[in-house]
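What follows is calculated from the coordinates using simple rules that are stated; it is not laboratory data. The structure presented is a predicted model; accordingly, all values stated were derived computationally and were not measured. Positions of Cβ are generated from backbone atoms using ideal geometry, with glycine treated the same way; all protein chains shown enter the neighbour counts.
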Amino acid sequence: MTMPVETNSPSSFPRRRGRTLFQGCLSWIRENLFSSPLNVALTLACGYLVAITFIPLVNWLIIDAYWAGTTPQDCPDKTAACWPFIRARFDQFMYGLYPVEERWRVNLGIGLAILFTLPLFLPRFPHKLRLLPLLIVIYPLIGIGLFSGGQFGLAYVDTGKWGGFFLTIVTAVFVLSTSLPFAVLLALGRRSSIPLLRVCCATWIELWRSVPALVVLFVAIIMFPLFMPEGLETDKLLRALIALTLLMSCYMAEALRGALQSIPKGQYEAAEALGLGYWQRTFSVILPQAITVALPQITSNFIGLFKETTVLLIIGLFDLLGMVQNAASDPAWLSQGASATGYLFAALFFWMFCFSLSRYSAYLEKKSSLYKNV
Amino acid sequence: MMKRDIVYQVVLLAIIAGVAALIISATQTNLARLNVDSSIDFLWKRAGFEIGQKLIPYSADSTIAHAFIVALLNTLLLACTAIVCASFLGSIIGLARLSDNWLVARLAAVYIEIFRNIPSLLQIFFWYFVALRALPRTDESIEFFNCVFLNNRGLFLPAINPEQGWSWLAAALIFAWAAVYFLKKRERRQSPESGKTWTPGSWSLLIPAVIVSAGILLADVSVQTPQETRFGYSGGIVLMPEFLSLVVGLSMYNATYIGEIVRSGFTSIPRGQTEAADSLGLPRHLTIRLVLFPQALRVIIPPLTTVYLNLFKSTSLAAAIAYPEVVSVFVGTVNNLVGQPVFIMAMTMVVYVFISLCIALFLNWHNRKIALTVAS
Amino acid sequence: MVKITTCFSILIFLCLPAVDAGTLEEVRERGILRCGIVESSPGFSSIDDSGQRFGFDIDHCKTISAAVFGEIRIEYIPVTPHTAFTLLQSGGIDIFPDGATWSFVRDVALGLDYTGVYLYAGQGFLVRKDAGVSSVKDLDGATICIAQGTTLEQNIADYFDNHGMTYTPVTFADIDKGLQAYHADRCDAFTNERLSTAGRIINWPGRDEHVILDEVISKEPFGALVRQDDPRWRDIALWSFNVRFAAEELGISQENVDDVRKNSQNTETQRLLGVHGGFGEKLGLSNDWAYHIIKLVGNYADMWERNFTPLGLERGLNASWKEGGLHSALPFR
C-alpha cells in the first residue's frame, strides 16, 4: 500500500507559470500517477482493474443492450441488458399494483409530500419548527386519506396493492414524520433528571438499537395480534410502519441526544433565568438549536431508513426492490437478462436518492462545522 | 425538588407496571383464545427438519434447541467472516483513499460513493441472483489444482482433518498464543535496558506458524478433497452460494463505512507526528506501524463498533436468500412448525441483544486498553 | 396450492361472532355471491388478458353461483389465507374454495366446515430431465430447494430418513424464490405441492427440460370452507360440488347436458337434472340447479381439462373411481 499523505497536500495540483497546458498535464500525470516505481505499478494495476470492470459493464449495459420494444421477445438472450423489461414493468416498479385509474392520487400525494418536506431541508427557511406539526400530524392524515381512499368519493385501495417506489417513499416519509416526536421524547427522557426515567429510556433505546430491523418487523407482524385486545385487527403495512417508527425513533433519539449534549450549558441557564418552565425552555430554546445541530445526523439516519425499507420485501410488502424481484421471477422474462437489468435499475434509483441526500448531509455538516469554527 | 422527582418516579413506575400488565393480560387472553400452548417445552421436541449448513452434527432427529444452536453458529460464522473481510477491504479502501496516486485515490472514492448508497439487501440479491447464474454448472466447474472447485452450487475446498482430532491443533494454537504473549511481555520489560525494539510482526507470525505446522505434522493429517458425485461434489468443505453472496454483499457494503473511518482515523493524526518520526530516522514502515497506526486506532475503534454492530445485525438479511441462520431457521421454519411466536421472538431478540452487547463491550474494553497504553 | 398457512396464522383468526341469518337468504337478498379467492395462483386462480378470472377455484365459485342464481353473479374477494378465515367468520365472504388440506386441526379448531374433497394433492418433486431421475429414490444425495411452510420440510425429512437417503435442503421463505433458485440450477430438485408447482412453471421457457415426478410423499386432500353454523349452506355447497362428480359418472358434460336432459331415460340423471324428484327444492334452490351447474361449469372432467390439462397434468388420483382414481360421487336418491 502507498503511504498515507494528507489529502490537501499542496503538491497535488502544481500550476507553474510559463508552461504550456500540455506540459502542465504531463507533469501532473508524472507527479500524480507515475512518481515512483510503486506508483507506476499501482496505476497500471488500477487501470487494468478499471478496464476489466467498466468496459464490459458499459458494453453490457449500453452498447450491446437491447433497447427497443416492451416484450420478452425484444431481448432474445442474456448477453446484454434488457431495457424492454424495465419499460414493460416501469409502472409496476413505481406504483406497485395500485389501480391504474387511481394513480393520480399517488402522484398528488407524493407531490404534497415533497412540498411539505422540502422546506425542512432548506437551510434558510425560517419556520421549520412551525412546519413540523404540519408534517407530523396533518400530512399523514391527508396521505392516508388520499392513498387508501374509501371516503370523499375516492375508491378504496387495499394496502396490499401499494408497492413499488411509491411504497418506499410512503414508508420513509411516514416513518420519518412519526418517529421524530417520539425521538424527541426519548432523547429528553434519556437526559432527564429523574433517574428511573433516564434508565427506562436508555434501556428502551439500546434494546431496540441492538436488534435487526427485520426481527422488529417480524415481531410486529407475528406478535402484534397477540398484544392487541380481541377483535382489533391491524393492517399489515400499518404494523410494519409502527415497527419501523419504533425502531427509527430510537436511532433518531440518539442523534438528538448528541445534539442536546452539544448545546452549551449557558443556554439552559439563560432560559431558566428568564423564568421559563421546563417544557417552554425545551421547546422554544433548546430543541430548535438541537434539531439544527442534529440535522446532518437526522439526514443520514433518513438515508439509512430509505435503504432499510427494502427489508419490507422479506415480510411480503413489495417496495421497489420487491417489485423488481417479483418481476424478475416472472417466467416470461426468466431467460432474458431481465433480473440483472432490474437490479441495476433499482440500484441506480436508490443510488440517486441516497447519493443526493448524502451530499446534502455533507453540506449541512460542513456548514455547521463552519459555524463552530467562527 | 427531590420529593417531586420521587413522585414522578412512582407515577412512572405505576404507568410502566400498568402498561406491562395490560399487555401481558391481553397476550394471555389471546394465547388462551387461540389455543396456543405457551411453554418452552417445544425446545426439547424432535425438530424433524434438515438444515442446509451445519457446523456441528445435526439431523432431523435432533431437538429444536439443537437446531437453534446450529442456526446460531451459522449466524456467527457469517458475521465473523463478513467482519474480517469488510475490515480487510475497508482498510485497503481507506488507505487507498489517502494514496498520493491520483487514480488509486479516485477509484477508492468512487467505490465508496457507489456501494454506500445502494441498499445492502439489493447488493446481496445482485450477487445471489445474478452472479450465481453466471457461475458454471457442476459438470463444468472451475477447477484450481484439482482440489478446489467453484460452480453454481458453491465453493468446494479440501478439508484438512487431523487424525488425532482438532484438540491437538487447538492445544498447539493456545500454546503458540501463550508463547507470543510471554515473549512480548518479557521483551517489553527488557527493551528499555537492552535498547531493542519489539517488532511484533516477525515473531508473532513465526512462532504460531512453526508450532501449528509442527502440530499438524505430529497429528498426522488426512486431506479430504471434494469428490465428484452424481449430484455435484461432496466431501471437503462446502461454502454455499448463499454464504458467499452474503459475505461479498455485506463486506462490500460495510467496507465503504470502514474505509471512511480508517481514512478519518489517519487524517486526524497531526502532521507533526510523521515529521517527528521522520526526524528520528524511523523507516517509513515503522513510522506507520509504531507511530501512526496506534494513534489512528484510537480514533477508528469507536465508530468501528457501530459498523460492526450494524454488520452483525444485517446478517439477518440472510433470511431473504436461503442461508440458514437464526431468523430463517427459528422465526421461519420453527415458528411455522410449533406456532410459539412469543418464545421464539423473545429468544431471537435476546440472542441479538446479547451478541450486540458482547461486541460493544469487547470493543469498548479494547478501546479503553489502547487508550490507557498511550496515556501511561 | 398448499397455501403457506402456518398453523398459528390460521389460529389467529378464530372466534369472531357468527352471523345469524341463513347464508342462502342473505346471498339471495344481496343478489351476488361473495367468493374468497387467492390471487395469481396459476391453474387455480388467474386473470386473462381481458380481465376475466379463470381457474379451478374460480370454477368452484361459479358452481355455487350457478346453483343459487342459475347464472354467474359473483363478487370475487381477494383474500390471503390469513384473512380468509376471519372474513368467512364475519360474513365478509360466503365461501372460500381454497381451504387447502382437510386436516383434523383445521376442521375441528377453526369453527369452519369442509364441504368434501374436491382435489387430491400431494407433495412432489420437480427435476431436470437430463438429471436422469425417474423416481424420488434416485434423489439420494441431491440438493433440494424447498419453501418454508406447513409441513413440507418435515415431510421430506421423514421420507428421506425412512428410506435411508440423504439430501441438502436449501430453504427459502417463499415458493417463487425457491423456484427461481431451482431454475438457476441452485438445486437438483424443487419440492412443493405438485399441482401448484405445475401451475407456476407452465410459462417457463424450456418447460420441456423439466419434469414433475409422479410420486407424492404426502397426502393433501383439498376442500372448500364454509361457516360451521349454517348446515343448509354447507349442504348446498357439498351437493353442488358433488353434482360435478355425479355428472361425470353419468356421462353428462357441459356439451351434451341439453341433449341428455331432453332424452335421457336414466332415473338418477333425471333426478339430477331436475326433470323430476324435486331435489332442488329440498335444498331451497330451484329444481334445475344441477342443470345450471353442468351448463355453466361442466362436470369434473370438463373442469380438469379446462384448468389442469394445459398445465400438463394427468388426473392420477383425481380420476373417477371407475378409472382407478379416488373421486366417487355420492348418489342422488
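Within 10 Å of each candidate Cβ there may be at most 16 other Cβ atoms; applying that plus a DSSP loop requirement, which trypsin sites (Lys or Arg not before Pro) in the stretch B:28-90 survive?
Numbers: sites: B:Arg33, B:Lys45, B:Arg46, B:Lys54; in loops: B:Lys45, B:Lys54.
Of the trypsin sites (Lys or Arg not before Pro), the ones in loops of the stretch B:28-90 whose Cβ has at most 16 other Cβ atoms within 10 Å are B:Lys45.
Evaluated on chain C, the Kirkwood hydrodynamic radius is 20.9 Å, with distances taken between all distinct Cα atoms. Shape of chain A from the C-alpha gyration tensor: oblate (a/c of 1.5 or more and a/b not above b/c, with a ≥ b ≥ c the square roots of its eigenvalues).
For B:Lys54, the amide hydrogen comes within under 5 Å of no other amide hydrogen, counting only partners 5 or more places away or on other chains and with H modelled in the peptide plane. In summary, the lysines within cross-link reach of C:Lys177, defined as a Cα separation below 16 angstrom excluding same-chain residues under 8 places away, comprise C:Lys3.
Quick one: plug the Kirkwood hydrodynamic radius of the protein assembly as shown (C-alpha pairs) into Stokes-Einstein at 10 °C, 1.306 mPa s, and report D in µm²/s. Please list the in-between numbers first.
On the way: Rh = 33.2 Å.
Diffusion coefficient, whole number: 48 µm²/s.
Each residue of the stretch A:24-37 was assigned a 3J(HN,Hα) from its phi angle through the Karplus curve 6.51 cos²θ - 1.76 cosθ + 1.60 (θ = phi - 60°); the sequence is x, 4, 4, 6, 5, 4, 4, 6, 9, 10, 10, 6, 8, x Hz, with glycine and proline shown as x.
For A:Lys236, a cut-off of 16 angstrom between C-alpha atoms picks up these aspartates and glutamates, skipping any fewer than 8 places away in its own chain: A:Asp158, A:Asp319.
Kindly give the semi-axes, whole Å and largest first, of the ellipsoid equivalent to the stretch A:19-63, taking each as the square root of 5 times a Cα gyration tensor eigenvalue. The partial results should precede the final answer.
Details: eigenvalues 153, 51, 3 Å².
Here the semi-axes work out to 28, 16, 4 Å.
Above 22 angstrom, tally the Cα pairs of the stretch C:123-218 and express them as a % of all pairs, no decimals. Everything past 22 Å amounts to 16 percent.
Mind checking which lysines have their C-alpha under 20 Å from A:Lys367, skipping anything on the same chain fewer than 8 residues away? Candidates past the 8-residue exclusion: A:Lys128. Scalar couplings 3J(HN,Hα) for the stretch A:271-286, obtained by applying the Karplus form with A = 6.51, B = -1.76, C = 1.60 to θ = phi - 60°, are 4, 5, 4, 6, x, 7, x, 4, 5, 5, 4, 5, 7, 9, 10, 6 Hz; x denotes Gly and Pro. Computed from backbone phi, the HN-Hα couplings of the stretch C:89-106 come to 4, 8, x, x, 10, 8, 8, 10, x, 8, x, 6, 5, 7, 10, 3, 4, 5 Hz, rounded to whole numbers (Karplus: 6.51 cos²θ - 1.76 cosθ + 1.60, θ = phi - 60°; Gly and Pro given as x). Normalised by 2.2 N^0.38 Å, where N counts its residues, the alpha-carbon radius of gyration of the stretch A:292-374 equals 1.50. For chain B, hydrophobic long helices are taken as DSSP H runs at least 24 Å long by C-alpha position along their axis with mean Kyte-Doolittle hydropathy of -1.0 or more; these are B:2-33, B:64-97, B:166-194, B:200-218, B:241-267, B:293-314, B:341-375.
Using only atoms on other chains, find how many Cβ atoms lie within 10 Å of each Cβ of peptide C:158-165 and report the average.
Details: counts 3, 0, 2, 5, 0, 0, 0, 0.
Counting other chains' Cβ atoms within 10 Å and averaging over C:158-165 gives 1.
By the count of other C-beta atoms within 10 Å, a proxy for reagent exposure, B:Ile124, C:Ile72 are ordered fewest to most as C:Ile72, B:Ile124. The H on the amide N of C:Ile95, modeled in the peptide plane, is under 5 Å from the matching H of C:Gly36, each at least 5 residues off or on a different chain.
Rounded to a whole number, what is D in µm²/s for chain B from Stokes-Einstein with the Kirkwood radius over alpha-carbon pairs (10 °C, 1.306 mPa s)?
Values: Rh = 25.1 Å.
Estimated diffusion coefficient is 63 µm²/s.
Relative to the longest principal Cα axis of chain C, at what angle does helix C:56-69 sit, 0 to 90 degrees, rounded to 10? Result, in degrees: 10.
Helical runs assigned H by DSSP (4 residues or longer) give the protein assembly as shown a calculated mean residue ellipticity at 222 nm of -18000 deg cm²/dmol, each run adding -39500 (n - 2.57) before division by the residue total. Peptide B:334-342 is shielded by partner chain Cβ atoms: per residue, an average of 6 of them sit within 10 Å of its Cβ.
Using Cβ counts within 10 Å as a stand-in for footprinting exposure, how do A:Ser210, A:Ser284 rank, fewest first?
Details: A:Ser210 20, A:Ser284 13.
Result, fewest neighbours first: A:Ser284, A:Ser210.
Neighbour counts of C-beta atoms inside 10 Å place A:Val199, B:Val148 in the sequence A:Val199, B:Val148, starting with the fewest.
Residues whose amide H comes within less than 5 Å of that of C:Gly70, counting only those at least five positions distant or on another chain, are absent (H built at 1.01 Å from N in the peptide plane). Can you tell me the relative contact order of chain A? Whole percent, Cα pairs under 8 Å, sequence separation 6 or more. Reported relative contact order: 19 percent. Looking at the stretch A:258-317, the pairs of alpha carbons with a distance over 13 Å make up 68% of the total.
Using the Cα centre of the stretch A:243-374 as the reference point, and only Cβ charges (+1 on K/R, -1 on D/E), how large is the resulting charge dipole? Debye, rounded to the nearest 20.
Details: 8 positive and 7 negative charges, 92 e Å.
Magnitude of the dipole: close to 440 debye.
In the stretch B:1-117, one over the average inverse separation of all distinct C-alpha pairs is 20.5 Å, which is the Kirkwood hydrodynamic radius. Per residue of A:330-342, other chain Cβ atoms within 10 Å of the residue Cβ number 4 on average.
Considering only B:Ser222, B:Ser87, B:Ser328, the mean-square fluctuation computed in a Gaussian network model of chain B, springs between alpha carbons under 10 angstrom, is largest for B:Ser222.
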